[in-house]
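FYI, it's all coordinate maths here, none of it is from the lab. All values reported here derive from a predicted model rather than from experimental measurement.
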Amino acid sequence: MSAADAMMSGFAAALSARITSYTGKVTAAVDGYTANEANSAAEMTAVAPVVMV
């Protein structure tokens, strides 16, 4: 393996790790948002009858 190949291989590995990390963060953010939306909907459902009266 030449030095250039080794460098590209290292770069590809680093890029892959970075993409995996970023994807994990996006997934966590979406999961958090989804859970928050579900909680908001549940709160609205609980509060709605009180507001209607």
Can you work out the Karplus-derived ³J(HN,Hα) for every residue in segment 29-40? Use 6.51 cos²θ - 1.76 cosθ + 1.60 with θ = phi - 60°, whole Hz, and x for glycine or proline. 5, 5, 4, x, 5, 4, 5, 5, 4, 5, 5, 4
For segment 16-21, 3J(HN,Hα) per residue [Karplus equation, 6.51 cos²θ - 1.76 cosθ + 1.60, θ = phi - 60°, Hz, x = Gly/Pro]: 4, 5, 5, 5, 4, 4
